[in-house]
Structure formats: C-alpha cells, structure tokens
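See structure below.
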Amino acid sequence: QVHQSGSGWSPVYVEENLGVMSVGFLLSSPDDAVIWRGPKKNGLIKQFLRDVDWGEIDYLIIDTPPGTSDEHLSVVQYLSAAHIDGAVIITTPQEVSLQDVRKEINFCHKVKLPIIGVVENMSGFICPKCKNESQIFPPTTGGAEKMCQNLNVSLLGKVPLDPQIGKSCDRGQSFLSEAPESPATLSYRSIIQRIQEYCDHHQCQEEKMI
Amino acid sequence: ERSNLAGVRHILLVLSGKGGVGKSTISTELALSLRHSGRKVGILDVDLCGPSIPRMFKVQDNDVHQCDSGWVPVFVDQDKSISLMSIGFLLEKPDDAVVWRGPKKNALIKQFVADVAWGDLDFLIVDTPPGTSDEHISTVEALRPYKPLGAILVTTPQAVSVGDVRRELTFCKKMGLRVLGIVENMSGFVCPHCLECTNIFSKGGGEELAKHAGVPFLGCVPLDPQLSQSLEEGRDFIQEFPKSSAFPALSHIAQQVLDGTLQQSS
C-alpha cells in the first residue's frame with residue numbers, strides 16, 4: 001500500500017534502506033491491467049519522478065520495460081534537470097536479443113544518456129548434477145562481449161542461469177543472501193561493484209569541475 | 001474495394017504481459033508447424049521497438065515493395081507458404097532505434113493492418129511486443145472488423161511472469177478478445193549430457209493460471225538449445241529437428257490451433 005503525505009508519496013520500504021515505488025502498488029487486484037496509451041503512462045511516470053518522497057538516498061535505480069518508447073523518453077526527459085549517472089543495459093547472449101540491444105544503445109546515444117555498461121544475463125547454465133555447461137541461449141554472433149567491443153561500451157559482466165534466482169524473486173527474497181556461493185551471486189557482486197566504481201568516479205569528476 | 005484481409009481465413013494474436021518469454025519464438029514455430037500441415041501462413045510483427053521476426057526467418061536484409069493494393073509481404077522462400085511484415089524491413093540500418101511515442105506507433109500499426117497485400121492465407125499470426133499498451137490497443141481495434149480467432153498467451157513458469165500474464169488475460173477480456181490458450185514456455189531444461197531435468201524458471205505457473213482463469217492450457221515448451229540455435233540461424237526447426245526436445249510441444253500447440261479452427265467451422 002502506498003501512503004500520501006504532505007511531502008508526497010511514500011515509497012514502500014522492503015528494508016530500512018531499500019524503498020520501492022511501482023504501479024503494482026496502486027492496483028487493487030493482481031488481475032488489474034494497466035491498459036493505457038502513451039500520454040496517460042507519461043502522466044504517471046512524471047508523478048512517480050516528481051512526487052515520491054525518497055528522502056536522502058545514495059542510489060535511485062529505475063527499472064524500465066523493454067523498448068525505446070514513451071516510458072523511456074519520458075524518464076529521460078523528466079530527469080533532464082536532475083543528473084542521470086547512466087544506463088545499465090541488459091541482454092541475453094543470442095543475436096535475436098543483441099539486435100534489440102544495439103537499438104537500445106543507439107537510443108541512449110540519441111538522448112545523450114551515458115552508458116555505464118552492458119550485462120549479459122542468462123549466460124550459460126551449469127547442470128547441478130553433472131556440472132557440464134550448456135549454452136541455452138547461444139552467443140552465435142559473439143555474445144555481448146563482441147557487441148561491446150564493436151560498439152565501444154563496457155561489458156560489466158555475465159550472469160549465468162541459476163534456478164534459485166527465479167525462486168528468490170518469486171518469493172520476494174534476496175537471492176544474494178539465499179545463495180551467497182552461487183556463481184551468479186559472484187557475478188552480480190562484481191557487476192555491482194563496477195557500477196559503484198563508475199558512479200563514484202564520475203561523481204568525483206563532477207565535483208572537481210564545480 | 002476488397003480489403004487486404006479479405007483472403008485471410010483466421011487471424012490469431014500472440015500476446016504476453018512480460019518481455020523475453022518467447023512470443024516471437026512461439027509465433028515463428030507455430031507458423032512453421034502450420035506450414036508443415038500444408039497451410040499458408042502470414043506473420044504480422046507489430047513489435048516496433050524490437051522486431052525479431054525477420055531474423056528468425058533469415059530474411060532481415062530483405063526490402064519491402066509496394067503494389068497497387070499496398071505493401072507486398074516478404075516471402076521466406078520460393079515456396080511462398082510463409083510471408084512476413086515487420087518494421088524490421090523498413091529500417092535503413094538494422095541498429096536504428098525506433099524511438100516513437102504512442103501516436104506515431106498507432107499510425108503505423110493501422111497501416112500494417114490495412115495495407116499489407118497478404119492475398120489468400122489460412123492463418124495470419126500477429127506477433128506483439130510485451131504489455132497492454134498502444135500497440136495492443138491499436139492492433140486489436142484495427143483487427144476487430146475482421147473477427148480474429150483469438151489470442152495465445154505466452155508465459156514462463158515463474159510467478160513473476162505469470163503475474164503479468166494475469167493482467168494480459170484481463171486485457172483480452174476487456175477488449176473482447178477470445179483466449180485460445182496459454183503456453184508455458186522455457187518450462188524445464190533437460191541437460192544434454194546427463195538428461196537431468198532442471199526447472200530453471202520454476203514450473204507449473206502457466207498451467208495453474210490456465211486452470212484458475214478457465215482457459216485452455218496449450219502445453220509446456222521446454223528450453224531447447226537446438227531451438228535457440230535454429231532461431232539464430234533462421235532455420236526451420238520443425239522440419240530439421242523433429243527429435244529435439246521442444247518439437248512435440250510445439251507441434252501439439254499447432255495441432256490444437258488446427259483442431260480449434262475445425263471446431264469453429266463445424
């Protein structure tokens with residue numbers, strides 16, 4: 001449930017230092033569909049960006065739907081006065097995914113959104129029984145690695161498939177805490193560290209300029 | 001003047017609440033399966049931001065030509081039994097992003113629905129982007145006069161995906177679109193080395209949802225690296241890999257669609 005106060009909408013706190021806002025909280029039933037055209041979506045996104053009282057936070061992560069349309073344009077436009085550190089772009093290894101991600105990278109260039117880097121998700125699966133690796137989503141054209149080289153963007157890391165990830169998400173639990181030894185956890189942590197380093201580095205640069 | 005959809009016997013949409021669950025894969029394999037039963041099939045790809053269909057048939061470099069009645073769809077081979085239309089064919093460069101707001105997307109979708117000279121088809125499959133927004137509203141409204149057969153909803157097994165597909169079911173209800181059934185995709189993976197089955201994205205959510213919502217369950221399609229590979233290479237998985245793990249489920253989905261249309265005519 002989302003509460004309103006004088007200072008705006010309160011995020012829903014998962015933990016003391018993790019707050020979330022989503023249209024999901026505004027729907028009364030799990031069957032409710034948000035069947036809105038662009039302008040109405042833009043209106044809510046504006047409200048979300050303007051009216052949520054986050055307080056003092058170190059990071060605001062904006063999760064977006066797939067594509068390069070209203071939601072993406074609106075987020076970038078409404079945040080143009082604030083400072084967006086950059087975008088993290090997620091792909092899977094196969095060309096069918098990469099071909100859309102190249103468009104997303106072009107979108108970022110077009111709207112002058114810096115790219116922190118690309119994450120290759122669902123990158124290989126290690127059978128829990130025989131420990132052999134299978135490339136379920138094969139990187140037939142070199143995967144994210146080759147694409148990043150070609151387009152001169154950073155590859156932040158590759159996250160392998162792990163059945164526990166889906167389970168944790170479905171149960172609303174932290175995968176990183178539930179499966180601290182998983183290769184996926186190690187991957188996530190390394191990616192997160194690189195993102196933090198990028199943000200710290202760029203913040204320093206900005207402070208120097210001021 | 002005869003409409004471009006007058007020769008199309010059955011129209012069906014492939015929808016999902018969620019991205020990345022395999023709509024385009026299911027659309028492609030359904031078309032290939034129907035072709036193998038001797039049907040003529042068209043695919044209309046209305047995913048304007050992430051058009052995957054041309055590549056899945058290895059015709060991504062093809063151009064679209066105009067004729068008197070409108071756009072000529074792209075045939076995937078000499079056989080001319082599968083034809084496609086997608087914004088993918090209209091882009092100057094494949095990496096060009098289509099950064100359009102709703103109204104411009106709606107205008108192109110109206111054109112795609114009205115102005116493609118499909119000729120005579122047994123089935124027109126409409127592949128959609130994820131969600132319940134402009135593309136979906138416009139597509140359903142534009143197709144309404146042609147009385148689509150209905151929609152196939154694709155989900156992966158886990159709750160997070162099923163949760164979005166519940167909303168897609170509401171969309172169908174509100175838009176008066178019949179639900180032909182739910183497909184549970186990426187349902188289990190059989191290790192090719194030791195044959196152990198792992199439910200990477202959990203299992204059963206799609207089937208449960210179908211039961212809960214009172215719609216047909218069309219089956220579980222397992223993760224199959226040979227299927228992913230075929231799509232990457234634009235190959236005919238149904239023709240070339242009948243022994244592969246995803247084949248039985250995919251053929252069964254097509255058979256149910258065919259049985260459904262027979263029921264409808266009788």
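The values are calculated or read from the model by the stated rules, or taken from the named source; none is laboratory data. None of the values given here were measured: they were computed from a predicted structure. No Cβ is skipped: glycine too gets one built from the backbone with ideal geometry, and neighbour counts run over all protein chains shown. For accessibility, only protein heavy atoms count, side chains too; no ligands or nucleic acids. Shrake-Rupley method; radii C 1.70, N 1.55, O 1.52, S 1.80 Å.
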**Fill in**
With only helices counted (DSSP H, runs n ≥ 4, each -39500 (n - 2.57)), the per-residue ellipticity at 222 nm for chain A, to the nearest 500, works out to -13000 deg cm²/dmol
**10 Å Cβ neighbours from other chains, averaged over peptide A:157-163** = 2
**Asked** Which whole number in µm²/s is D for chain B by Stokes-Einstein, with the Kirkwood Rh taken over Cα pairs at 4 °C and 1.567 mPa s?
**Response** 70
**Prompt:** Just how many pairs of Lys in chain A have C-alpha atoms closer than 29 Å, counting pairs that are eight or more places apart or on different chains?
**Reply:** 25
**Complete:** Rounded to the nearest Å, the spacing of the alpha-carbon centers of region A:42-70 and region B:1-57 is 34
**Alpha carbon Rg of region B:10-54, scaled by the compact-globule rule 2.2 N^0.38 Å** = 1.18
**Asked** In whole Å, what is the distance between the alpha-carbon centres of region B:93-136 and region B:227-266?
**Response** 24
**Request:** Using the Cα centre as the reference, give the magnitude of the dipole from point charges on the C-beta atoms of chain A (Lys, Arg: +1; Asp, Glu: -1; all else neutral), rounded to the nearest 20 debye.
**Result:** 660
**Asked** Looking only at Cα atoms, what is the convex hull volume of region B:43-127 per residue, in Å³?
**Response** 97
**Complete:** Taking every alpha carbon pair in region A:150-190 and sorting the distances into 5 angstrom bins from 0 up to the bin holding the longest one, the percent per bin comes out as 5, 24, 27, 19, 10, 7, 6, 2
**Prompt:** Mind ordering B:54-66, A:114-126, B:181-193 by average Cβ neighbours within 10 Å, highest first?
**Reply:** B:181-193, A:114-126, B:54-66
**Prompt:** What is the diffusion coefficient of the protein assembly as shown in µm²/s, taking the Kirkwood radius over Cα pairs and the Stokes-Einstein relation at 4 °C with a viscosity of 1.567 mPa s?
**Reply:** 55
**Request:** Report the dimensions of region A:66-209 along its three principal axes from the alpha-carbon atoms, largest first, rounded to Å.
**Result:** 53, 33, 28
**Request:** Please work out the C-alpha center-to-center distance from region A:7-38 to region B:171-193 and express it in whole Å.
**Result:** 26
**Complete:** From most to least accessible, 1.4 Å probe, no ligand or DNA/RNA atoms counted, A:TRP9, B:TRP100 line up as B:TRP100, A:TRP9
**Shape call, region A:1-57: gyration tensor on alpha carbons, a/c limit 1.5** = oblate
**Fill in**
Residues other than A:GLN196 with Cβ under 15 Å of its Cβ, Lys/Arg counted +1 and Asp/Glu -1, net out at -2
**Complete:** Total charge of the residues flanking A:PRO139 in space, meaning their Cβ is under 10 Å from its Cβ, with Lys and Arg +1 and Asp and Glu -1, is -2
**Asked** Between B:LYS211 and A:LYS131, what is the FRET efficiency for a Förster distance of 25 Å, r being their Cβ-Cβ separation, to the nearest 0.05?
**Response** 0.10
**Asked** Once the Cα gyration tensor of region B:1-151 is found, what semi-axes does its equivalent ellipsoid get, as square roots of 5 times the eigenvalues, in whole Å, sorted largest first?
**Response** 20, 17, 17
